[in-house]
Every structure is written in C-alpha cells, then in structure tokens.
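Shown next, in structure tokens, is the structure this report addresses.
The values are calculated or read from the model by the stated rules, or taken from the named source; none is laboratory data. Please read these numbers as outputs of a predicted model, since none were measured by experiment. Protein only, heavy atoms only, side chains kept; ligands, DNA and RNA dropped before computing areas. Shrake-Rupley method; radii C 1.70, N 1.55, O 1.52, S 1.80 Å.
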Amino acid sequence: MKIVINPNYLLYNDFIASIPATFSNLTSATTLHEARNIVKSVNVGDRRLVIKYYSSLSLVNRVAYGRVRQSKSMRAYQNAHRLLTLGVNTPQPVAAVDCYERGLLRGCYFVSEYSDFQPMTIVNEQGKRVDGELLEALAHFIAHIHQLGIQHNDLNVANVRYRRRGEEYEFELIDNNRIRFYDRALTERERFNDLRHFSCDTAQFVYMLECYARLTGIDMDRFAAKGLLSRAMYGLRFGFRRKMKSRLRR
C-alpha cells in the first residue's frame, strides 16, 4: 500500500490507512455517487471528508498504473494542490491511497475535504430556470482557467460546481485526475476540446460560448458554430466507443 497524506491532516493517518479495509462498510458514511467509481462522505472527528474509490480498473490499467503511470488517486491529489496554488477552487486534498497486489494496482482512493459547492447539473433539471448571469459567470470562470493553461479534460456539469456568495457566483473543479497544465494559455482547439464535454441544452451552450468568446476577444458567431460542431463530433465518437466497449464485454 502506498499512502500520501497532506501534512495538515496527519492527525487522520490511522483512519486513512484503514480505508481499504473499511471502505465498503464505513459506519455512518453517506454514499454520494455509485457507478463506475464510488464516492462516500464520512465524519471523522470534527471534519467531514469525502472518499472517492476508483474501482473499475482493467488489466491494462492495473499494469500501467502499477508500473508505468501515476494512479488516478495520486494525480487527483497532486492536481488539487496545483489548482489551489493557481488560485482555482477545489476541495482541499487530504490523501491518496494506492493498493497493490503482485505489483499490479488493485484499487485506489482519493480523500478530500467536503465542499458545500453544488454541481452545475442544475442546467439539465426540468422546470429549473438557469439565469444568464450564472451562465455568464460560468463562462468567465472557464475562460479564466483556460487563460491559466488549465485543461480539465472532463469539464462536465457534474465536475464544475458552484455556489452564490452575496451577488457573486463562485466555482470549483472536482474529478481532477485528467487535468493537463500548460505554461501558456490554451490554444483554440484545446479550448474546444475542453468545452465540448459540457452537456447542457443547445441554447444554453450557445449562450455560454458567446459569453466566452466576448470575454476572450474571439469572434462570437465563428466560435459558437465551431463549438457546436466540436461537441456534436465528440458526442458521435463517444457513443461509438461506448457501443464498442459494450460489445467487447459480452
């Protein structure tokens, strides 16, 4: 087992070391998400922590993460620290835990502080009206991180979270293991590759693209048209890959 702990949370060393053995039946834990990965929140002392278990690892990934590449948990931990250094909100990283069996990665866990930010899934909820002010603030946030050289690579409505403080909206990023950092602003293609993951309806997406273009000095009509095309092509490729994976599992 390999464990990396934020020095500010060494008090929780014993709890963190016990996670692989106790995660499945953590007392008083609340399951926040359960699909390919499992996310739970749990109170530990006076802290509320969130534990993400990366459970679905193919044999190829178990070999790669065990011997060649950093695990998802370690990348999430390190990327969270780097985001905070750059002034971008993300839950405080607490620890990363990797479990190995015969040199192969068996599973890994990323632990962070609980955050009261809410997911941007509000844009897809029936009957919910999303005002232009929120979408414009979101466009401003995404343009800002792109100018900083941050490409999230999974910038969907669940991984961008928000809250309102007075008259202002604040945003944070989660699920950060795929992030790439550049020492420059993103190219136009890199911007499209990030934005295409955002799965709100077409009208909201176009409005967000137009706000983004206005903030960055890009021609709005051209940027919106290319953004829609990029998202449509990504949707087709994603659907094809999902279908092929489904067939291979049979």
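Brief remarks on what is shown
- Carbon/sulfur fraction of accessible area - the stretch 71-218, other protein chains in place, 1.4 Å, %: 44 percent
- Working note: Debye formula, equal point scatterers on the alpha-carbon atoms of the stretch 1-57, no solvent; log10 I(q)/I(0) at q = 0.19, 0.30 Å⁻¹ is -0.72, -1.43.
- The base-10 log of I(q)/I(0) for the stretch 78-168, evaluated at q = 0.17, 0.19 Å⁻¹, reads -0.89, -1.05 [Debye formula, identical scatterers on Cα atoms, solvent excluded].
- Intensity falloff of the chain expressed as log10 I(q)/I(0), Debye formula with alpha-carbon point scatterers, at q = 0.09, 0.13, 0.14 Å⁻¹: -0.44, -0.92, -1.05
- With 5 Å bins from 0: P(r) over the stretch 131-200, alpha-carbon pairs, percent: 3, 17, 27, 28, 15, 7, 2, 0
- Nonlocal amide H pairs with R106, under 5 Å, H built at 1.01 Å: C99, Y100, E101
- Of the DSSP H helices in the chain, those whose Cα atoms cover at least 15 Å axially and whose Kyte score averages -1.0 or more: 72-85, 132-147, 202-216, 220-249
- Accessible surface calculations at 1.4 Å, restricted to protein heavy atoms, place the chain at 55 Å² per residue.
- With the alpha-carbon atoms of the stretch 112-245 aligned to their principal axes, the span from lowest to highest coordinate is 43, 37, 37 Å, starting with the largest.
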